[in-house]
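The values are calculated or read from the model by the stated rules, or taken from the named source; none is laboratory data. Computed from a prediction, not measured in an experiment: that's the story for all the values here. Here Cβ is always computed from backbone atoms with ideal geometry, including for glycine, and neighbour counts include all displayed protein chains.
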Amino acid sequence: MDLIQLTPRLDVDPAQPLCAPGQTLLHAYLAPNGLNPAQLARRTGIPARHIKGFIAGTRAITPKHAVRLSLVLDTTAFYWLALQARCDLARELQARHIRRVSAD
């Protein structure tokens, strides 16, 4: 059963606050469970430097990372990829807006 109908007009509710996937990882999963990046790294097999990069916003969550996070944190891989895609789109739209304003 499909919970989400993928259509060309699919979008995210703009009223929802934008939160980078690394911040979600930190505030919704690591901190409440008393985990640090090294502990999550051991559980997921993702290098601790990558997890620190997610949290800092300097590294994107890839499909491989999303699967590993989902298995350990009882989420879906789609959840992590959707958070990453939303953040990437917001950054790109902001950059385009800045370039357009600069050109005017």
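Brief remarks follow.
Conditions (1) among the hydrophobic types (A, V, I, L, M, F, W, C); (2) touching a helix residue (DSSP H, G or I) at 6+ places or on another chain (Cβ under 8 Å), marked per residue:
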position: THR58; (1), (2): no, no
position: ILE61; (1), (2): yes, yes
position: LEU69; (1), (2): yes, yes
position: THR76; (1), (2): no, yes
position: ALA90; (1), (2): yes, no
position: ARG96; (1), (2): no, no
position: SER102; (1), (2): no, no
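- Single match in ALA60, ALA66 (criterion: touching a residue at least 12 places away in the same chain (Cβ under 8 Å) and touching a Gly at 6+ places or on another chain (Cβ under 9 Å)): ALA60
- When we screen LEU93, LEU81, LEU71 for residues that are modelled with pLDDT of 95 or more, surrounded by fewer than 15 Cβ atoms within 10 Å (Cβ to Cβ) and either of a type in the set (D, E, K, R) or in a helix (DSSP H, G or I) (or both), the only hit is LEU71.
- Figure legend. Inter-residue proximity from the stretch 26-54: first residues of a type in the set (D, E, K, R), second residues assigned to a helix (DSSP H, G or I), beta-carbon distance below 8 Å, spacing 6+ or different chains. Indicated pairs: ARG43/VAL72; LYS52/PRO37.
- Total residues in the stretch 3-48, condition in a helix (DSSP H, G or I) and either modelled with pLDDT under 95 or of a type in the set (Val, Ile, Thr) (or both): 2
- In the set (1) among the hydroxyl-bearing types (Ser, Thr, Tyr); (2) under 15 Å from the mean Cα position of the chain (by Cα); (3) assigned to a helix (DSSP H, G or I), the condition left unmet by SER102 is number (2).
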